[in-house]
Amino acid sequence: MKKEYFAGNRKRMYEQMKEHSLLVLFSGLEFRKTQDEYYPFYTERNFLYLVGIDAKQAVLLARKDGEGDVKECLYILPPDLLKERWTGERIKDRQAAEISGINEIAYTDTFEKDFRTFAASGNYHYLYLDLYKEEASDQDRASHFFWKRESTEYPYLRAEDADVIVRRLRTIKQPCEIEAMKEAEKITRDGIVAMMKASRPGMYEYQYKAEFDYALGQYGPQGPAFPSIISAGRNNFCIHYYEYKGIANDGDMVLNDVGAWYDNLMNDVSRGWPCNGKYNVRQKLLYECALQTSDHMFAMIKPGMEMEQVDKEVRRFNARLLKEAGVLKNEEEIGTYMWHGGAHHVGYDVHDAVVRPEIIAPGMVFCVDVGIYHEEWGIGFRLEDNCLVTENGCENLSAITPRTIQEIEDTMQKGYK
Ligand SMILES: [Mn+2]
């Protein structure tokens, strides 16, 4: 993404901040795993969205005065030749300015002094921090540590949650973000197609995963956007399965729930196919119900609908089809076969943070996910696509990944057989 994109994101953020306010946003901390080893660093998504710098311990400090004017400064780690010898070159001032579009760059060792000068000046009444937590028991992050430390010093500064504003901005995708998602869709497709082509009875789940990872590895070092779910047979009945130890026996379905990313924008796509390349009668029956339900959703989703209607309609429509097919006696019992919804936004996060309730609007991208789990028949899979809402309807961004029975069987024919 260009620096104008990040500058635009920040401008929209600043517009929604109150006057006389400060914003402090951290890129995040590294967590030690053991000895001198750390867990892979993952930049806070809101920071990445506003600043574009993928580096630890960076801080954005912005201040908005009473006239609405905003000044901003980005703090990065100072050069350290010894540390850089071990862990690589740190970002330089000029690069940081070039990526983010922020002109004033300083080193992190001056951040707290600067912050305290502004906080004590009496010019600011509000402090915006990213205070997001999914659950109150979640681990504190840099912003929580900071607020705990500083709030007693400056009791007249009121904390405001920056996350609420940023997630609202993130909900509507910009054209350049949609382009990036489309690029990611091609990579995701290549990964899924590689698994379909390699598929054969007797193949282990980790071998499917290796095919997926190898295909994605041809596009860059970033790998999958989130831990891949790849399973076979009865393991498909574990919705979030990450073991990869099972085997696909003849007659089993393989399930994947995976996604690539491009320029930080993610996909989330699921397919289910018979490991031997040919759907049997029951697999075909259930897959056709899921496919028709998904097609029905893509035909009806448009701006103005309530987001929560998407999952409801998926269930209602699929229940009707399953009843017509004789699988389900009573439509109210659809919960026997449908265990989850799947209408979640996707973007900088695979389950993108949004503000609820949402009315569907152009530029939103969310998953349409139809999962059917028939334990008695030993068949479980989901069909999950990425829906981009347009002015008058919607578009299936993941339609380029084989999706119909014909497309999947044809793709698999080109494989081991
Ligand atoms: Mn998914």
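The values are calculated or read from the model by the stated rules, or taken from the named source; none is laboratory data. Quantities reported herein were computed from a predicted structural model and do not represent experimental measurements. Backbone-built Cβ (ideal geometry, glycine too); neighbour counts: all protein chains shown.
Mind listing whichever residues of the stretch 1-41 are of a type in the set (A, V, I, L, M, F, W, C) and in contact (Cβ under 8 Å) with a residue 40 or more places away in the chain?
Matches in the stretch 1-41: Met1, Phe6, Ala7, Met13, Met17, Leu22, Leu23, Val24, Leu25, Phe26, Leu29.
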**Request:** Please name all residue pairs, on different chains or six or more residues apart, with Cβ atoms under 6 Å, provided the first residue is in the stretch 325-345 and is in a helix (DSSP H, G or I) and the second residue is of a type outside the set (Val, Ile, Thr) and more than 16 Å from the ligand (Cβ to nearest atom).
**Result:** Glu331/Ala319; Glu331/Lys323; Ile334/Arg315; Ile334/Ala319
**Residues that are within 30 Å of Ile53 (Cβ to Cβ), part of a loop (DSSP other than H, G, I, E, B) and more than 16 Å from the ligand (Cβ to nearest atom), drawn from the stretch 236-285** = Asp263, Asn264
**Complete:** Within the stretch 230-259, residues surrounded by 21 or more Cβ atoms within 10 Å (Cβ to Cβ), in contact with a Phe, Trp or Tyr (Cβ under 7 Å, 6 or more places away or on another chain) and aliphatic (A, V, I, L, M) come out as Ile230, Met253, Val254, Leu255, Val258
**Request:** Could you check how many residues of the stretch 216-235 are closer than 26 Å to Phe47 by Cα and within 16 Å of the ligand (Cβ to nearest atom)?
**Result:** 6
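Would it be correct to say that Met307 is under 15 Å from Val368 (Cβ atoms), more than 16 Å from the ligand (Cβ to nearest atom), in the same structural domain as Glu376 (by TED's automatic domain parsing) and surrounded by 15 or more Cβ atoms within 10 Å (Cβ to Cβ)?
So Met307 fits the description; yes.
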**Conditions (1) of a type outside the set (Gly, Ala, Ser); (2) assigned to a loop (DSSP other than H, G, I, E, B); (3) more than 14 Å from the ligand (Cβ to nearest atom); (4) within 17 Å of Ser270 (Cβ to Cβ); number of the one not met by Glu211** = (2)
**Request:** With respect to Asp268, determine if the residue is under 28 Å from Met338 (Cβ atoms), among the acidic types (Asp, Glu), surrounded by 18 or more Cβ atoms within 10 Å (Cβ to Cβ) and out of contact with any Phe, Trp or Tyr (no Cβ under 9 Å at 6 or more places or on another chain).
**Result:** no
**Answer from Ala194, Ala159, Ala106, Ala119 - the residue that is touching a residue at least 12 places away in the same chain (Cβ under 8 Å), surrounded by 14 or more Cβ atoms within 10 Å (Cβ to Cβ), farther than 22 Å from Asn264 by Cα and assigned by TED's automatic domain parsing to the domain that holds Val389** = Ala194
**Asked** Looking at the stretch 199-227, which of the residues that are more than 17 Å from Gly277 (Cβ to Cβ) and in contact (Cβ under 8 Å) with a residue 60 or more places away in the chain is surrounded by the fewest Cβ atoms within 10 Å (Cβ to Cβ)?
**Response** Phe226
